[in-house]
Amino acid sequence: MARSKQAEKDAIALLKADHRQVEDWFEQFEKARDSERKQELATKICNALKVHTTIEEEIFYPAFLEASDDVDIHHEAEIEHRGAKNLISEIEASSPNDDYFEPSVKVLSEMIKHHVKEEEKPGGMFAVARESKMDLVALGEELAARKAELESGEADEPDVPPPGVGEKRGQVDRLMKETR
């Protein structure tokens, strides 16, 4: 079945393309023998994941939560991101000379594989998003613009939320309390 150009530009297609790119770099990392190449790949992986988690947390996840009210899927994804970001920080602070560098990248790879599987599985976040009233094309454009901004270095560092994100996080916290 041929996919339309519009479908290729939607939010889920963009996020899945990020997933495939990082999976490829993890595979290359596993095969690499040279320390310099391992460092280069780890840096690419960490940078891509920081941008990816930022655009998901700033744009996709709040839109998903608003459209679906699926607090369980949302919260699980946020917690998985938190764990990945902690490991990314450790990897960035180390080098191939450190005993824990390669095992840390391997564990990050396993965490990301699990996270991707959860987002992409039938009944997962992406399937629920497709079934919702989310405008995935407009959201894809917003994700792509923010991603380009982060990758160009013209934006705040991904770890520093832009204006308004704290408000969204506060809304999420309020929703969490309401559902308890």
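The values are calculated or read from the model by the stated rules, or taken from the named source; none is laboratory data. Remember, predicted model here, so these are calculated numbers, not experimental data. Neighbour counts run over all protein chains shown; Cβ positions are idealised from the backbone, glycine included.
Listed by position, the helices (runs of 4 or more DSSP H) inside region 108-180 whose residues that are modelled with pLDDT under 95, under 29 Å from residue 42 (Cβ atoms) and basic (Lys, Arg) number at least 1 are 165-178.
If I filter region 66-85 for residues that are closer than 21 Å to residue 24 by Cβ, in contact with a Leu (Cβ under 8 Å, 6 or more places away or on another chain), assigned to a helix (DSSP H, G or I) and not basic (Lys, Arg), do I get at least one hit? Yes, because at least one residue in region 66-85 is closer than 21 Å to residue 24 by Cβ, in contact with a Leu (Cβ under 8 Å, 6 or more places away or on another chain), assigned to a helix (DSSP H, G or I) and not basic (Lys, Arg). Here residue 28 meets each of (1) touching a helix residue (DSSP H, G or I) at 6+ places or on another chain (Cβ under 6 Å); (2) crowded, with 16+ Cβ neighbours inside 10 Å with one exception, condition (2). Among the residues making up region 113-142, those that are in contact (Cβ under 8 Å) with a residue 40 or more places away in the chain and aliphatic (A, V, I, L, M) are 116, 125, 128, 129, 134, 136, 137, 139.
The C-beta contact set for region 49-67 (first residue surrounded by fewer than 20 Cβ atoms within 10 Å (Cβ to Cβ), second residue of a type in the set (A, V, I, L, M, F, W, C) and not in a helix (DSSP H, G or I), distance under 8 angstrom, 6+ apart or interchain) comprises 67/134.
Among the residues making up region 93-112, those that are of a type in the set (A, V, I, L, M, F, W, C) and without any contact (Cβ under 8 Å) to a residue 40 or more places away in the chain are 93, 107, 111. Here residue 94 does not qualify as in a helix (DSSP H, G or I) and of a type in the set (Ser, Thr, Tyr).
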